[in-house]
Each structure stands twice: as structure tokens, then as C-alpha cells.
Amino acid sequence: MTKSALITGVTGQDGAYLASHLLDKGYRVFGTYRRVSTPNFWRLQHLEVFDRVTLIPADLIDDASIAEAIRIAEPDELYHLAAQSFVGASFEQPIGAGDVTGLGVVRVLEAVRTISPRTRVYQASTSELYGDGGQEPQSEETPFRPSSPYAAAKLYGYSIVRIYREAYRLFACNGILFNHESPLRGLEFVTRKVSNAVAKIRHGLQSELVLGNLDAKRDWGYAPEYVEAMWAMLQLDHPEDMVIATNESHTVRELVNAAFSVAGLAPEKYVRTDPRFCRPLDVNYLQGDNSKARRLLGWTPKVTFDELVRIMVTADMERWDRCRRGEHFPWDAPNYPNEANIVTKSLRV
Ligand code: NAP
Ligand code: GDD
């Protein structure tokens, strides 16, 4: 029988790659999206899955819309990816971060518990839970010490998943994912900010790149591989929380150097720092230990750091090249969804 999956946050980087992965596996895929003034389906369009995902309008601050999404999709598997995911912004809107990224998780779990307790739930937990101050690679045993409103909200989400699992026997698990990137990454994150700037500088469209903390270290992997791990976690016999990472860490400075070298440019001519892009508190060292995922899922990362940087810079250079030749970016395209592909209370299919 065809399995059905519900992805909250299907318009985001991971949501789009996961939708594509599940469609390839033969799932019927439902995805929640927000009613915003400018449609935001360019990632689904880019992956050519836009017309194959059934969209359901829902917002994490609106309990009823989440419940309705679960009633409509009747999912075998629910991937809770929606969140306000930019750490920097959580310092600007700490209360919103708590509401959306923290309480949003219990809203989803309550809806699952009361409407569809058989549904397996994946929660998008994060390496940000570890916070600042660590020196050793981080595993499932490493204590959490969040350093941002975003991470504090994610710690609530992580904890409430464990609580619902133990109290109500839900199949619910946390993927503790380290940073994962791609050409579909939002422009506010450092990898894409850098790859996009390098591409624009190469095309003579930008003259400098202004960054914050160049010494921060991250364990950066390739997003399409990480969504495979999400799916694999929900296929286990028992729910398990698990680190997904490459086990390698690089500084932002190394990222910058690698990106400029792909374009044959010298970073020192273009890069400067400004405290404006530094956070009130930052996480300076993240490096995962993926032993558990290797053992239980047989999952291993394949794309290396250098390959990841090359993929991203090359993709942005091609985009700007096409733009200069008169083509529009996908996000400029008239991308309102076909209403037939949206299901709401008043319009069941
Ligand atoms: P992303 O590209 O920022 O996507 C976030 C998604 O959440 C978008 O679809 C967004 O919708 C949606 N969303 C935001 N606020 C919402 C609200 N109030 N109601 C409903 N939907 C809302 O993030 P991502 O990189 O794909 O990450 C997916 C998840 O994994 C997030 O929970 C993130 O915190 C977590 N995570 C990410 C990484 C990483 O390195 N990428 C690592 C660890 C954990 P709009 O498109 O309308 O904004
Ligand atoms: N965004 C950004 N912009 N970051 C910068 C900049 C800049 O101009 N300059 C330096 N950085 C540093 C940040 O201070 C941080 O230490 C590091 O680059 C990475 O920042 P982001 O790319 O914004 O990602 P993040 O690590 O804070 O958060 C991402 O990964 C988490 C998993 O560890 C997000 O995807 C989170 O949602 C995710 O949970």
C-alpha cells in the first residue's frame, strides 16, 4: 500500500529535498506551507516536484491548522521540519523563536497523540543544542548547553519529543543534525552568503563580502544526504535519537578561502568583517560523532567539504550567468500554486 508522509516546512531547504526523496520512494507526499504575500515554492520547482506535492496551508502558531493538516494527510510518517531556523534572527525575535520553534513541536505532538497516534514522527533537532564551550566532538551523550534563543527553543522540542515517546509510547525521534548545506540553502546562512557573493564578485556585480565571526567552526555536510538519514530513522524498529554529521570541522575562514579559490579569486581583496554580523553569543566549535548513525542506519556522508563548496559556488555562478543573459531566477517566476494542488477544510480531495 502507498505510504503517506506529511512534511511541515516543505518550502524550506530540507523540506524540498525530503519531498523529492520520498516521492522517489513512492510515497504520497503532503507538505505544509504558510500563506505569505509572496509565494515561496522555488525550491520545489527547482527540484521539479512542485506539482507532485499536495500542499496544506498551516502555521505553527495555529494549533487548529496543524490538526487539520494531520486529519487531511493521515500520514504514516510526519517529518516536523518547520521552524524559524536562522539562529541570528532568534536574538532579534526571541519570543517568536520560543513560540514557533519550541511550542510548535508540542502542538504537532499533541495533534499526533489525539488524532493519529500511529504516525511516526521525526523532529528536526540540531547540533546548536550543544552550544558554546565544547572542545570534543559531540555525540548523543554530550550534554546540551544552548547558546541562543533558537537553541533553547530546540532544546524544549528535543525534550518534549522524548517525553511524548516515554509517556504515550509515540514513535517519535530526534535527528540531531549538524549543519547541512546546498544550492537551495537560504541566503542568510553563511555558506550560501559566501557562495552567492563569490559568484556575484566573479561577475562584477558585487565588490566586497562583509562577514562576522571567521573563527567559528562548523561540521558542514550536504543536505540531500541528510534527508536520507531522516527517512532511515523512521524505518527503524524502535525510535532512536541520533547525531547526523560528517565528523569534520572547518572554520568560516576556511570556507571563505575554499569558495574564492573555486572562482580563482583572492579573498583578501574582497572580504572584511563587521561586528554587525557577530551574534551576542556564538557557538565556536561544532564537530559531530556520527558513530551511532553509521551503526544503526548504515548512513555515511559522501560529499566532502571541498566538494560541497564547489557545488554551491558553481551553482551560484551559473545562476548569475543565466540572470545576466536575461533569464529569471526561479524565485522570480510566477510561482503561485495551482489551487487544485492545495487541500483545506473547505476543499477536500
Ligand atoms: P529552512 O530552509 O529555513 O526552512 C524552514 C521551514 O519552516 C520553511 O518551510 C518555513 O516556511 C517554515 N516555517 C517557518 N516558520 C513557520 C511557521 N510559523 N509555521 C509554519 N512553517 C514555518 O530550514 P532547513 O534548513 O530546511 O531546516 C529544516 C529544519 O531542520 C529546521 O527546523 C531547522 O531548524 C532544522 N535544522 C537545520 C539544520 C541545517 O543545517 N539546515 C541543521 C539542524 C537542524 P517559509 O518558507 O514560509 O519561511
Ligand atoms: N549567517 C552568518 N552570516 N553567519 C556568519 C557570518 C555571516 O555574515 N559571519 C560569520 N558567521 C558565522 C556565525 O556566527 C556562525 O558561527 C557560523 O558562521 C554559521 O552560521 P550560520 O550559517 O548562520 O548557521 P548556524 O550554524 O548558526 O545555524 C545553522 O546550523 C544549525 C545546526 O548547527 C542553521 O541551519 C540552524 O537552523 C541549525 O540548527
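In table form, for the structure just shown:
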{"quantity": "Difference of contour (0.36 nm per residue) and Cα-Cα distance, LYS302 to LEU265", "calculated": "10.6 nm"}
{"quantity": "TRP231 accessible area, assembled protein chains, probe 1.4 Å, Å²", "calculated": "60 Å²"}
{"quantity": "Net lengthening on full extension, ARG276/THR251 (0.36 nm per residue, minus Cα-Cα)", "calculated": "7.1 nm"}
{"quantity": "log10 of Debye I(q)/I(0), alpha-carbon scatterers only, for the chain at 0.06, 0.11, 0.15 Å⁻¹", "calculated": "-0.21, -0.73, -1.37"}
{"quantity": "CD proxy at 222 nm, helix term only [per DSSP H run n ≥ 4: -39500 (n - 2.57); per residue of the chain; nearest 500]", "calculated": "-11500 deg cm²/dmol"}
{"quantity": "Accessible area in square angstrom per residue, the chain, 1.4 angstrom probe", "calculated": "45 Å²"}
{"quantity": "Largest-first ordering by accessible area, 1.4 Å probe, given options LYS292, LYS25, LYS154, LYS269", "calculated": "LYS269, LYS25, LYS292, LYS154"}
{"quantity": "Accessible-area value, HIS203, 1.4 Å probe, nucleic acids and ligands omitted, Å²", "calculated": "40 Å²"}
{"quantity": "Exposure rank, largest accessible area first [ILE95, ILE115; 1.4 Å]", "calculated": "ILE95, ILE115"}
{"quantity": "Average Cα contact separation per residue, the stretch 44-175, under 8 Å, 6 or more apart, as relative contact order %", "calculated": "28 percent"}
{"quantity": "Protection-proxy order for peptides 248-261, 36-49, 137-150, each taking the mean of Cβ atoms within 10 Å per residue, highest first", "calculated": "248-261, 137-150, 36-49"}
{"quantity": "Highest average packing first - 98-105, 311-318, 76-83, Cβ atoms within 10 Å", "calculated": "76-83, 98-105, 311-318"}
{"quantity": "Percent of beta bridges antiparallel (DSSP, the chain, rounded to nearest 5)", "calculated": "10 percent"}
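The values are calculated or read from the model by the stated rules, or taken from the named source; none is laboratory data. Everything quoted here is computed from the prediction, not taken from an experiment. Positions of Cβ are backbone-derived with ideal geometry, glycine not excepted, and every protein chain shown enters the neighbour counts. Please note that ligands, DNA and RNA were not included when accessible areas were found on the heavy atoms of the full protein model with its side chains. Shrake-Rupley method; radii C 1.70, N 1.55, O 1.52, S 1.80 Å.
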